[in-house]
DNA sequence: ATGGATATAAACCGATATGGTCAACGAAGG
DNA sequence: CCTTCGTTGACCATATCGGTTTATATCCAT
């Protein structure tokens, strides 16, 4: 790719990136028109092809960026250093919310890329994914102290409950009306989720 | 639409319907090729246009069918007649699983249709939706007896927890590899979810 | 066998969309 | 005025798609 892209003002870069995430998250690779991305980013198609020599390059750049950013925030919020399970979940969601604020469509994009089967990009996608995978390996559940929780609680079920609910929570907000995604009230989401965690603490945690 | 479609052997009808759900669930209305649906259903495009006069008609038929089938199973499993919350949730999921067995892509299709903004179909979609809505209105949460649950439990939070986890659960299985959706082990899903419910019962229900 | 209805598919068509290129334009700066 | 650089509109070859038309195959009644 053309390094001049990075010389662009941050704001313009993000506008292009977000346009890419939006279009690629709503269409398959093949059916995502570069022209639509350009138009949405407020630049001409030719200029976009100036920064990224072809569609594939743009796509893979976005995917790499996606993995990079995710890692970055996950470590920035020190998610996996936590010894308290509730705190870990909380920080994980915080990181997620933070990303959503900047790149509203990145989550959906990631899902689509992950299951993209187009042979033109499939392999390259996997390679990039592997590149970041090793870091992810650290994320094994830390040695939880069972004494933190109420007696008789099935810890793995408890974890599954919280994990799935978090998933459902994110999903419910991500599947929103296209037009509304930008206006997504992340603030409120965060508040609501905090309540959820407090609820869990109350029922799962030993007093 | 051509009524001869219904004269087809059940199996062939379903193959066409499922092909439609698959394609329309993975692409927007406009970018879903009728030819792909036909090919996947094992018939020629011309024949598909023989049963459904045009793309829009096919799309709306699938949407109507989607609503109809959902209703059907929800009532068949007597989901909303339950007075026990856990039983209600269980039956709701059972209905959902049953549908997934027959139409693996219907859930994803429904989401896409719901947020489809193409003016060619948007209005008609809404109308069909309204047609079924009144029945759905019954689904208000029944008067739960708070004495069923442990003391001090925030019932609305508890409900949210279970609702979101169910959502997350379904989502995790729906976003699978295209090729694998057919092989989806609904049996196992059901078993796993039962465990989840038993877990909730144990922590939420008064002994 | 013949004629006609019926089911199904192949070939076809016009319109449109798409990835990518290229010449040109405009502004900035020397 | 000349050059450079960021940017664009026009362009092109190709592919796709919705829908139609024509052809083939099957079956059934006469």
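The values are calculated or read from the model by the stated rules, or taken from the named source; none is laboratory data. None of these values were measured; they are calculated from a predicted model. Here the Cβ is made from the backbone with ideal geometry for all residues, glycine too, and neighbour counts use every protein chain on show.
For segment A:167-185, the set of residues classified as more than 7 Å from every other protein chain (Cβ to nearest Cβ) and either in contact with a helix residue (DSSP H, G or I) (Cβ under 7 Å, 6 or more places away or on another chain) or at pLDDT 95 or above (or both) consists of A:170, A:173, A:174, A:184, listed by residue number.
Can you run down the residue pairs with Cβ atoms below 8 Å, 6 or more apart or on separate chains, where the first is in segment B:153-165 and at pLDDT below 95 and the partner is assigned to a loop (DSSP other than H, G, I, E, B) and surrounded by fewer than 16 Cβ atoms within 10 Å (Cβ to Cβ)? Close Cβ pairs (under 8 Å, with a partner that is assigned to a loop (DSSP other than H, G, I, E, B) and surrounded by fewer than 16 Cβ atoms within 10 Å (Cβ to Cβ)) amount to B:155/B:144; B:159/B:141. Out of the residues in segment B:46-57 that are in contact (Cβ under 8 Å) with a residue 40 or more places away in the chain and assigned to a helix (DSSP H, G or I), which is farthest from DNA strand D (Cβ to nearest atom)? This residue is B:51.
Would it be correct to say that residue B:61 is within 15 Å of DNA strand D (Cβ to nearest atom), in a helix (DSSP H, G or I) and surrounded by 14 or more Cβ atoms within 10 Å (Cβ to Cβ)? For residue B:61, the condition - within 15 Å of DNA strand D (Cβ to nearest atom), in a helix (DSSP H, G or I) and surrounded by 14 or more Cβ atoms within 10 Å (Cβ to Cβ) - is met. For segment B:154-166, give me the residue count where each residue is in contact with a helix residue (DSSP H, G or I) (Cβ under 6 Å, 6 or more places away or on another chain), more than 7 Å from chain A (Cβ to nearest Cβ) and over 13 Å from residue B:86 (Cα atoms). So the count comes out to 0. Restricting attention to segment B:64-88, the residues being crowded, with 16+ Cβ neighbours inside 10 Å and farther than 21 Å from residue B:111 by Cβ number 6.
On the given criteria, is residue A:38 away from chain B (no Cβ under 14 Å), within 30 Å of residue B:36 (Cβ to Cβ), without any contact (Cβ under 8 Å) to a residue 40 or more places away in the chain and within 16 Å of DNA strand D (Cβ to nearest atom)? In short, yes.
Go through (1) surrounded by fewer than 14 Cβ atoms within 10 Å (Cβ to Cβ); (2) within 16 Å of DNA strand C (Cβ to nearest atom); (3) under 16 Å from the mean Cα position of the chain (by Cα) and name the single condition residue B:101 misses. Single failed check for residue B:101: (2). Each residue in segment B:104-115 was checked for being modelled with pLDDT of 95 or more and over 15 Å from residue B:171 (Cα atoms), and 1 of them qualify. Quickly run through segment A:33-65 and pick out the residues that are within 15 Å of residue A:15 (Cβ to Cβ), more than 10 Å from DNA strand C (Cβ to nearest atom) and in contact with a helix residue (DSSP H, G or I) (Cβ under 6 Å, 6 or more places away or on another chain). Result: A:40, A:41, A:51, A:62. A Cβ distance below 7 Å, combined with a sequence gap of six or more or placement on separate chains, defines the contacts here; from segment B:186-207, residues that are away from chain A (no Cβ under 11 Å) reach residues that are surrounded by 13 or more Cβ atoms within 10 Å (Cβ to Cβ) and part of a strand (DSSP E or B) in the pairs B:205/B:149; B:206/B:149. Restricting attention to segment B:23-50, the residues that are within 23 Å of the chain's Cα centre (by Cα) and over 16 Å from residue A:30 (Cβ atoms) add up to 8. Pick out the one residue from A:105, A:90, A:80, A:21 that is more than 16 Å from DNA strand D (Cβ to nearest atom), touching a helix residue (DSSP H, G or I) at 6+ places or on another chain (Cβ under 8 Å), within 14 Å of chain B (Cβ to nearest Cβ) and under 30 Å from residue A:195 (Cβ atoms). Just a single option satisfies the conditions, and that option is A:105.
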